[in-house]
Amino acid sequence: MRKKLMGLIGASVLSVSVIFPLSGEAALGDRTLSQGMSHSDVKELQEHLLTKSVYPYFEETGYYGPITKEAVKDFQENSRIQVDGIAGPQTNQKIKVLRYGDMGKPVIKLQRLLKEWGAYTGIVDGMYGNGTKSAVANFQQQKGLKSDGIAGPQTFSKLNQKSSSVSGTVKELTVTSTAYTASCDGCSGVTKMGVDLKKYPEAKVIAVDPNVIPIGSTVEVEGYGKAIAADIGGAITGSKIDVFIAGQNSAINWGRKTVNIKVYQ
């Protein structure tokens, strides 16, 4: 994680997976989005804001409230464009450009598209690292595009020409689960994806090994509910997860247990 949180208990287990198809996605950029709106495009906007680590909440709600407006303003300021908290054409175009350091669902989609073209042989981990950057640059070179390793509109236009089989999946796993809290001395409470767990103690967040569960995935955990895989940890390797529970006693009481999960990618 970006700043260390407190892992309470260690764990390990074997896993088995099954794949099922999911439905299609929203189309961010079709309209200007602003505070007070509720729409599937807002949910996709929030996914991209989370990818840029400026959306401090823990789930995509589809409602454009004050939190989303402030996140848009943060992104606009970082991007050096007009800061008004409105997701218009310029903001929507820029936020959909993926680059080194981004992470989350949009990166998962990018990596799967690259795999469909045979351009990426790494793990679909939801993290735009050197391997993904290199794969994007090589794909761009092959297609006669500027080879900068940044996935913008032209790159996605080419990638989407072979996207018929690139759809969402549900992967079922059996893992060992432990729990952690953000309330310890010296803990920042900020996850790898930038979610502030001290600000949102009701968050449903889990730490994962991105080699097993892509970061940014929605994960349904037996006995915990649906959560976002927004964190990582040095002790979380293989088929292990760490669930966030605000209260330290409650986190300890969670203990170490084997649970079934569903990973929605």
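One residue alone among ASP196, ASP148 is closer than 25 Å to HIS48 by Cβ, open to solvent by 20 Å² or more (accessible area, probe 1.4 Å) and either among the small types (Gly, Ala, Ser) or at pLDDT 95 or above (or both), and that residue is ASP148.
Could we say that ARG31 is surrounded by 14 or more Cβ atoms within 10 Å (Cβ to Cβ), modelled with pLDDT under 80 and not in a helix (DSSP H, G or I) here?
On the way: surrounded by 14 or more Cβ atoms within 10 Å (Cβ to Cβ): yes; modelled with pLDDT under 80: no; not in a helix (DSSP H, G or I): yes.
So ARG31 does not fit the description; no.
Against the test of being touching a residue at least 24 places away in the same chain (Cβ under 8 Å) and either over 30 Å from LEU33 (Cα atoms) or surrounded by 19 or more Cβ atoms within 10 Å (Cβ to Cβ) (or both), the options ALA119, ALA182, ALA137 yield a single qualifying residue, ALA182. Filtering segment 100-122 to residues that are under 12 Å from VAL136 (Cα atoms) and either in a strand (DSSP E or B) or touching a strand residue (DSSP E or B) at 6+ places or on another chain (Cβ under 7 Å) (or both) leaves VAL107, LEU110.
Which of the following residues is touching a strand residue (DSSP E or B) at 6+ places or on another chain (Cβ under 6 Å), open to solvent by less than 10 Å² (accessible area, probe 1.4 Å) and either under 21 Å from MET127 (Cα atoms) or at pLDDT below 95 (or both): SER167, SER217?
On the way: SER167 fails: open to solvent by less than 10 Å² (accessible area, probe 1.4 Å).
Just one listed residue meets the conditions, SER217.
Of all the numbered requirements in (1) within 16 Å of PRO153 (Cα to Cα); (2) among the aliphatic types (A, V, I, L, M); (3) at pLDDT below 95, VAL54 misses one, and that requirement is (1). Among the residues of segment 56-75, just one is in a loop (DSSP other than H, G, I, E, B), open to solvent by 40 Å² or more (accessible area, probe 1.4 Å) and free of Cβ contacts under 8 Å to residues at least 60 places away in the same chain, namely THR61.
Looking at segment 242-259 only, could you name the residues that are among the β-branched types (Val, Ile, Thr) and either over 12 Å from TYR224 (Cα atoms) or modelled with pLDDT under 90 (or both)? Walk me through how you get there before you give the answer.
Taking segment 242-259 and keeping what is among the β-branched types (Val, Ile, Thr), we get 243, 245, 252, 258-259.
Hits for segment 242-259 are ILE252, THR258.
Considering segment 245-265, the residues that are among the charged types (D, E, K, R) and outside any loop (DSSP other than H, G, I, E, B) include one that is surrounded by the most Cβ atoms within 10 Å (Cβ to Cβ), namely LYS262. Look at segment 220-234: where a residue is farther than 15 Å from VAL195 by Cα and a partner is modelled with pLDDT of 95 or more and acidic (Asp, Glu), sitting 6+ places away or on another chain with Cβ atoms under 7 Å, you get LYS226/GLU220.
The values are calculated or read from the model by the stated rules, or taken from the named source; none is laboratory data. What you see is a predicted model, and the numbers here were worked out from it, not measured in a lab. Every residue, glycine as well, gets a Cβ built from its backbone with ideal geometry; the counts of neighbours run over all protein chains shown. Quick note on the areas: whole protein, heavy atoms, side chains included, nothing else; ligands and nucleic acids left out. Shrake-Rupley method; radii C 1.70, N 1.55, O 1.52, S 1.80 Å.
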